[in-house]
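The values are calculated or read from the model by the stated rules, or taken from the named source; none is laboratory data. Treat the numbers as computed from the prediction; the structure is a model and nothing was measured. Note that each Cβ is placed from the backbone with ideal geometry, even for glycine, and that neighbours are counted across all protein chains shown. For accessibility, only protein heavy atoms count, side chains too; no ligands or nucleic acids. Shrake-Rupley method; radii C 1.70, N 1.55, O 1.52, S 1.80 Å.
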Number of protein chains: 2
Amino acid sequence: MNGLRTDLYEVRMAVSYLRRGMTGPATFSLFARDLPRERGFLVAAGLAEALDALQCFRFEPEELEYVSEGLRLPATDVEALSRLRFSGDVRAIPEGRVVFAGEPLLEVTAPLPEAQLAETLLLNTVTFATAVATKAVRCRLAAPDAELIDFSARRAHGSAAALASARLTALAGFSSTSNLEGAFRYGLRPAGTMAHAYVQAFPGEHAAFRAFAEDFPAAPVFLVDTIDPATGIAHAIDVVRELDLPPASVGIRLDSGDLAELSRLARRMLDDAGLSAARIMASGGLDEYVLERLTAAGAPIDAYGVGTAVGVSSDAPSLDTAYKLVEYDGRPVMKLSVGKRTLPGAKQVWRDPAGGPDLLSLAAEPRPGGEAMLVPAMLAGRRVARPGLATARRRLKRDLVWLPSSARRLRGPVPIDVRPSAALAAMAAEVAAEMPIRRLAALTR
Amino acid sequence: MNGLRTDLYEVRMAVSYLRRGMTGPATFSLFARDLPRERGFLVAAGLAEALDALQCFRFEPEELEYVSEGLRLPATDVEALSRLRFSGDVRAIPEGRVVFAGEPLLEVTAPLPEAQLAETLLLNTVTFATAVATKAVRCRLAAPDAELIDFSARRAHGSAAALASARLTALAGFSSTSNLEGAFRYGLRPAGTMAHAYVQAFPGEHAAFRAFAEDFPAAPVFLVDTIDPATGIAHAIDVVRELDLPPASVGIRLDSGDLAELSRLARRMLDDAGLSAARIMASGGLDEYVLERLTAAGAPIDAYGVGTAVGVSSDAPSLDTAYKLVEYDGRPVMKLSVGKRTLPGAKQVWRDPAGGPDLLSLAAEPRPGGEAMLVPAMLAGRRVARPGLATARRRLKRDLVWLPSSARRLRGPVPIDVRPSAALAAMAAEVAAEMPIRRLAALTR
């Protein structure tokens, strides 16, 4: 059931198109109008989920009944809606690729009603996934030598969002997730230590640590800040010695206070105890800016649990994405709305392997050189390929190497330029000139 | 299937508790440590969904198999996990009530493993819902006389989050939602106009408006900014006249540009055309700050479509919530972590109807006066009441009247004080004093 996973206006428009036989091929372009502050690039993501939803799109009988009653639709409209499936094509920039404002993340070409109805679903899936993947990559870049663990399940926007975040952080190079469903569903490595409650439930911290190590001797990580971090580290060391645990298998986790200072204290205490192979993990309100600071300070932290900030993309929880009609029945179209003007025509994005500006061309233009970024993802309503997470991760790694450091840096990044081709610019000027504006007395009163 | 909708560490801890017979009653408290910047209060939300999830919590066979293989659990552990259900009690502040930092949104009392396992699920649901409901109320307060419509489906964090937002905005007093699934599921009024694509798909704007009004003559709203707003308004007026539509049934929507100025232009043009009953709607990047500005400017806008900002709670996409053990087996506990210290014991929040500070007391204290905010929500694993959306909306309305304007204002709000009772403060001092801190040489090196 996903026919109702859309906005009412999409259904109204679809009904109107169907009544009027406006079922010619329409191309819609999904892109980010602008990058959020402090984003020098985006990481394309969410495509697979979006296409799966598109592939099984339909109105179920109870959904149809609801819509037809609400809109008072005659039987002919209901019948037409009931037959609707997505039968179109999708060209898309593959997941994991680095993209910029104005570049189509995907383009849908389908009979107008189908392409229209896909709007809400596509925007919803791709916007969220791209925002979170981008945030996760920024964390990855901020602490290049540390292990990163997805801790976002507790504050993502619902459990479905948490599940998606587990996958998106893995795409960005996180090594594991605390989210069991995410690990299960996507074959990721699950990770998890203990909460403060565990320590508190025992008569004392030492007893708690000892119990935990007895129950999970393979790789216990002790949360040391419930009472006082130095005390906690000392208790952890005591337990490692008492149970004669292999130093390389154990770790401690810091979750509050000055993490740079405390990690140095922990390192010193562990080293002094002969546990230089023991690992130090940190968590608690981390984001890319904190990670960058801790990395710059040389904090001896081996692994970070990054949660809320990445799961909700805290400083940019959404992107200014749009899904706009660019061509209908062979006729290129655009809109002139102030600050939201679009460019007409189906497009292609060409990338210069040498790091020059991206070129935004018309899809029909002769190949100007460089790498074509939009590739077929769906043909006649069927997905053409199902590249997995590993493929997407490799693409991202490669693109991050390509990405100039000016666009990659966390603060004040400068995105790659995206330039329209001469043919696209000419078409935009031509289409705009043909859009009649009635000059009215009211305007100048 | 929801046994895996949790973090790995919850399962580890649960297994350890079960092995050790640590199944005594535990009380956990879920609260926001601090309010986000520019929040003078929060609106409690998400409780019903959280309790439903708790009520059907269990590990399904395939989930158990996954967990037991991953953690290499012996059969006795697997057997114990398979029997786990939530059998505890929940006391909660009802949905729609205004709350402040440090006040338990809910308290769970259950056998320790069950109460522990509930953490991820409860935090995930309540944090998101409370953040979005609070943002939505701020929009409601910013434009007290306008109709508000939920437009968040396209950029919420997945379709489940969009569905939740439809309900949460309704709780906050929005009149309708564009989200069909949300309207269907929660009995809300669906709303929707047309997109720019509709205008572009026709040979001209006039033709598009005319077709739309023919197909949906009941209450057509014309999106007028595809080419030029004044032109669009003129086309809308032409169509209303041509089809002789009742003025009170029609409207225009502005989606870009200077909304204050354009709404005045639209009002003037509509009035001059004898359509003073026609409505003006605005959308496009709206949040409570823009609404406040437009309201202050006296913009003649009858209805606002508010989308992304409310669906992701854009300036505060998460809350600093925590789920902390406060009592185990009759023993009050706390943690001392820097900046994250908790208060021990099961609690009650007492509200002064006259607007004085809230009192945070121990649950067992004699009634100090005022209104008790935490009420039974679940007993022995069963929900005790299922108050609907209308009840929550009424509660919220009442609480907003009670809320001092200093806490209600959008910028620089000052929350109500929350004061611990003498008994709570004394218990906290006592418990903290009993938590042994080993002073170590390492600390002062």
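Details
- Residue selected from the stretch B:326-346 under the condition on the phi > 0 side of the Ramachandran plot and open to solvent by 30 Å² or more (accessible area, probe 1.4 Å), by the criterion nearest to the chain's Cα centre (by Cα): B:Gly339
- Boolean, B:Gly173 is on the phi > 0 side of the Ramachandran plot, in the same structural domain as B:Leu262 (by TED's automatic domain parsing) and open to solvent by less than 30 Å² (accessible area, probe 1.4 Å): yes
- For B:Ser82: the one exception among (1) under 30 Å from A:Ser178 (Cα atoms); (2) surrounded by fewer than 23 Cβ atoms within 10 Å (Cβ to Cβ); (3) within 13 Å of the chain's Cα centre (by Cα): (3)
- For A:Gly381, the stated conditions do not hold, so it cannot be described as open to solvent by less than 60 Å² (accessible area, probe 1.4 Å), on the phi > 0 side of the Ramachandran plot and within 14 Å of another protein chain (Cβ to nearest Cβ).
- The residues listed here are B:Gly96, B:Gly102; of these, the one that is buried (at least 24 other Cβ atoms within 10 Å of the Cβ) and in the same structural domain as B:Val418 (by TED's automatic domain parsing) is B:Gly96.
- Total residues in the stretch B:185-194, condition open to solvent by 10 Å² or more (accessible area, probe 1.4 Å) and touching a strand residue (DSSP E or B) at 6+ places or on another chain (Cβ under 8 Å): 5
- The set of residues in the stretch B:310-320 being within 7 Å of another protein chain (Cβ to nearest Cβ), of a type in the set (Ser, Thr, Tyr) and either over 26 Å from the mean Cα position of the chain (by Cα) or open to solvent by less than 30 Å² (accessible area, probe 1.4 Å) (or both) consists of B:Ser318 alone.
- Condition met for B:Glu365 (of a type in the set (D, E, K, R) and in contact with a Pro (Cβ under 7 Å, 6 or more places away or on another chain)): no
- Any hit, the stretch A:289-309, residues being over 31 Å from the mean Cα position of the chain (by Cα), surrounded by fewer than 23 Cβ atoms within 10 Å (Cβ to Cβ) and of a type in the set (A, V, I, L, M, F, W, C): no
- Qualifying position, being more than 28 Å from B:Ala48 (Cα to Cα) and touching a strand residue (DSSP E or B) at 6+ places or on another chain (Cβ under 8 Å), among B:Ala432, B:Ala423, B:Ala372, B:Ala385: B:Ala423
- The selection criterion, being under 34 Å from the mean Cα position of the chain (by Cα), more than 19 Å from A:Ser16 (Cβ to Cβ) and in the same structural domain as B:Thr295 (by TED's automatic domain parsing), does not hold for B:Asp228.
- Test: residue in the stretch B:431-444 that is among the polar types (S, T, N, Q) and either in contact with a Cys (Cβ under 9 Å, 6 or more places away or on another chain) or touching a residue at least 12 places away in the same chain (Cβ under 8 Å) (or both): no
- Taken over the stretch A:260-280, residues that are open to solvent by 20 Å² or more (accessible area, probe 1.4 Å) and within 27 Å of A:Ala309 (Cβ to Cβ) amount to 5.
- Residue check, B:Ser361 more than 14 Å from chain A (Cβ to nearest Cβ), hydroxyl-bearing (Ser, Thr, Tyr) and loosely packed, with under 13 Cβ neighbours inside 10 Å: no
- The number of residues in the stretch B:107-164 being assigned to a loop (DSSP other than H, G, I, E, B) and either within 9 Å of chain A (Cβ to nearest Cβ) or open to solvent by 10 Å² or more (accessible area, probe 1.4 Å) (or both) comes to 8.
- Any hit, the stretch A:149-167, residues being within 21 Å of A:Ile280 (Cα to Cα), at pLDDT 95 or above and among the small types (Gly, Ala, Ser): yes
- Scanning the stretch A:269-286 for residues being farther than 18 Å from A:Pro246 by Cα and either more than 35 Å from the chain's Cα centre (by Cα) or more than 10 Å from chain B (Cβ to nearest Cβ) (or both) gives a total of 3.
- When B:Thr76, B:Thr27 are checked against the criterion of being assigned by TED's automatic domain parsing to the domain that holds B:Arg411, hydroxyl-bearing (Ser, Thr, Tyr) and open to solvent by 50 Å² or more (accessible area, probe 1.4 Å), B:Thr76 stands alone in meeting it.
- When each of B:Asp329, B:Asp315, B:Asp352, B:Asp358 is tested for being of a type in the set (Asp, Glu) and touching a Pro at 6+ places or on another chain (Cβ under 7 Å), the lone residue that passes is B:Asp329.
- Residues located in the stretch B:366-413, provided they are free of Cβ contacts under 8 Å to residues at least 40 places away in the same chain and over 13 Å from B:Leu141 (Cα atoms): B:Pro366, B:Arg367, B:Gly369, B:Gly370, B:Glu371, B:Ala372, B:Val384, B:Ala385, B:Gly388, B:Ala390, B:Arg398
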